[in-house]
1. Identify, please: which residue in region 17-58 is outside any strand (DSSP E or B) and among the hydroxyl-bearing types (Ser, Thr, Tyr) and is, among those, farthest from Gly183 (Cα to Cα)?
2. Restricting the first residue to region 459-477 and requiring it to be closer than 12 Å to Tyr423 by Cα and modelled with pLDDT under 95, which pairs with a second residue that is open to solvent by less than 40 Å² (accessible area, probe 1.4 Å) and among the charged types (D, E, K, R) meet a Cβ separation below 9 Å and a spacing of at least six or different chains?
3. Would you mind stating whether Tyr503 is open to solvent by less than 10 Å² (accessible area, probe 1.4 Å), touching a residue at least 24 places away in the same chain (Cβ under 8 Å), closer than 30 Å to Trp56 by Cα and of a type outside the set (A, V, I, L, M)?
4. Find the residue count for region 539-561, including only residues that are within 25 Å of Leu369 (Cα to Cα), under 23 Å from the mean Cα position of the chain (by Cα), surrounded by fewer than 21 Cβ atoms within 10 Å (Cβ to Cβ) and among the aliphatic types (A, V, I, L, M).
5. Hey, among Ala225, Ala266, which residue is modelled with pLDDT of 95 or more, closer than 25 Å to Ser48 by Cβ and not β-branched (Val, Ile, Thr)?
6. So, of the residues in region 317-340 that are of a type in the set (Gly, Ala, Ser) and surrounded by 22 or more Cβ atoms within 10 Å (Cβ to Cβ), which turns out to be farthest from the chain's Cα centre (by Cα)?
7. Looking at region 1-29, I want the residues that are free of Cβ contacts under 8 Å to residues at least 60 places away in the same chain and have a partner that is of a type in the set (Phe, Trp, Tyr) and in a loop (DSSP other than H, G, I, E, B) with Cβ atoms under 9 Å, at least 6 apart or on another chain. Which pairs are those?
8. So which residues in region 186-213 are small (Gly, Ala, Ser) and either over 30 Å from Ser505 (Cβ atoms) or assigned to a loop (DSSP other than H, G, I, E, B) (or both)?
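The values are calculated or read from the model by the stated rules, or taken from the named source; none is laboratory data. Keep in mind it's a predicted model, so treat the numbers as computed, not measured. So basically every Cβ, Gly included, is an ideal-geometry build from the backbone, and we count neighbours across all protein chains shown. These area figures cover heavy atoms from the full protein model, side chains too; ligands, DNA and RNA do not enter into them. Shrake-Rupley method; radii C 1.70, N 1.55, O 1.52, S 1.80 Å.
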Amino acid sequence: MQKIEAVNDFVIKFANINGSGSASANELVARAILRMGVPVSPRNIFPSNIQGLPTWFEVRVTERGYLGRRGGVDMMVAMNPQTWDQDVREVETGGYLFYDNSRPLPRSRSRDDIHVIGMPLTELCNNAYSDPRQRQLFKNIIYVGALAHLLDIEAGEIEKLFAQQFKGKEKLLDANVQALAVGRDYAREHLKPIGLKVERRDKVGDHIFVDGNTAAALGCVYGGATVCAWYPITPSSSVAEAFIRFTQKLRVDPATGQQRCAVVQAEDELASIGMVVGAGWNGARAFTATSGPGISLMSEFIGLAFFAEIPAVLINVQRGGPSTGMPTRTQQSDILACAYASHGDTRHVLLFPEDPYECFELSAQALDLAERLQTPVFVMSDLDIGMNQRLCRPFAWDDSVEYDRGKVMTHDALDAGTDFGRYLDVDGDGITYRTYPGTHPTKGGYFTRGTTKNAYAGYSEAGPDYVDNMQRLRRKFETAKSLVPLPVLTAAKYPARFAVIFYGSTSPAMHEALDTLAEDGIYLNALRVRAFPFQNEIADFIAAHSKVFVFEQNMDGQLSTLLINEAGVEPHSLVTVVHYDGTPITARFITQEIANRVARLNVHPLKDRVA
C-alpha cells in the first residue's frame, strides 16, 4: 500500500470534543515542533458552545515556511466517534489514521488505502487514573506522547513547555510528564514506524508566535490609545482583554500607581461606540473591538462620527454572517457593511491586515489616520488572523515617531485672530481644523451636530450648504488615498497576462498557491490590497491584464463589488472566486480554481506569457 513519506512537510489534524481539554494538548504538538526550528501554522476550529460539540485542531508543518492552510490531511488523530466518518474521509491516500482502539471499530468504518494506527488510550487511562476528569485530560497527554515517538518530536521540548506552564505546581508538572512517558513508551513498544517525521532545523529565525487579536491590542497601546470601550463578542473579545493586560503593565503612572487609560465594558455595542465617539470628540485616542453583528448595531453612531467628523477606530474581527451567523468561523464578510456603514452617502476608511504583524502595525496607524482624517477607521481583521497563533516578523516601533493629531487649532492661533470654522476647508484637501474642548475661553467653540450645517457649524438646511459639505467630505476621502497603505505587488517570474487580487487572511495560502502554479507553468502577477479607498495603482494594475482573479472569503464577492463601484473597474475584467464555508481558504483551493479557470479561457499554461 502507498505510504505518505515526508520530513517537515505534512498536515496533522486532531478531531476532538469541545471542552475536553484537547486544544491545550494539541497546541503542545505545534509548539514543540516550532521549538525544533520548523515553522508551523496551527488553527483551532471550534463550535460556538461551551462543550460537547465537535472541534478540530489542524497543524500545518512545513520548513518552507508556508503559513496558510494547504488542504488535505496526512495524519488524522480521530478522538471523536461523532465525526469519525467525516474525519476518515479527509485523510489523503497513503495517509495515517490514529485512533483509540480500546473498543475496536468494524473494518467497514475504515479505508483500505490508509494506514490505521490503533492505541488503547481509554484502557491505559482507566488503569492509571481513577478520577474521571483526570482520565479525560491525561488521555490527551498520552496521545501526545505517542505522537512524539511516531513523528520524532523531541520529548524534551514538550517537557520544557510543561515546565513553563506548571511553574510552581510541581505535582501537575510531574503528572503530565508521567502521562507523556506512558504514551511514548507504549508507542515505542507496540506501534510501527510511519513515514512522517520531524527533524530539527533552523528555519524559524527571529519570528515570533502570536495571534492577531493580541497584536492589535499592543498596536493600540503603542499607537497611543487611552480609551477602549467594548462589549464582548466572538471573535474579538480578546482584543480588549489583551489591551487590559498590556495597559496594566505599560500604562500605570509609576509615581501614583494610577491607570493612565480608561477601559469600559459597556452594556451593549451601541453604548461602546458612543463612548468611543465621545472620547474622540474630547481629544482622546479611542477604539472599540467588535465583529459583524456589532457593526450592525453601531451604524447610527458610525454615521454620526462620519458626518460630525470625529475620530474613532473600530477593530472588526470578522466572522460568518448574516445575523448571528457562524460566531466561531472565519469570513471576510463585512467589507461592504463597513465601507458604507450607516445610511446616506457615507464612505469609510478600511485597512486590511494580512497577519499579526500588520494587526499591530495597522491598528497603530489607524489611530493616526482617524485623527488626521477626523473620521472612523476600520481595521478589518478576521477570526483566522485574530484567534490563531501565527509566525510573523517581530514587532517594530520607532520611539522618535510623534503621533499625527491632524489639524488642531491652538489657543495662540485663535488669539491671533485666525478665522476658525469647524467645517471650513482652508487647505483644499477636505480636512478642516478642530479644537479640543477648553482650548480657549471665548473662541473656537462650536456645536457638534449630526444634522446639516454650514462651514462655521451653524445649523443649516440650505441646499448649497449641504452640497458644499458633502463635496468637501468627498475631497477628504480622495485625500485619504494618499495616506492609507499602498497595495503590495508580487510580480511573476515572467510577464503575465493574468493576475490575482487578494487581501487579508487569504495572503499566506495565496503565496503558496502562486509558487505551485509557477511550477506548473502558470504565471500570474499578484496584488494584495491593503486599504480602501483604492489608490489609482489598483485600477492601473487591473487594466494591465486581460483577466484578474479576485479571491475572497465571502459569498457575494464584496471586494469585487467595491472595485467596480469605487475604482471604475470594468466588470468583465474581473473573475470573482469565492470561498465561504467558514474554514480558512486553502492553497489547494486557490491552485485548482485558477488552473481550471485558465483552462476554460483556452490558454495553455506554458504559453501564459507575454513576449
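1. Ser48
2. none
3. So Tyr503 fits the description; yes.
4. 0
5. Ala266
6. Among those that are of a type in the set (Gly, Ala, Ser) and surrounded by 22 or more Cβ atoms within 10 Å (Cβ to Cβ), it is Ala339.
7. Asn18/Phe46; Ala23/Phe46
8. Selection gives Ala187, Gly195, Gly205.
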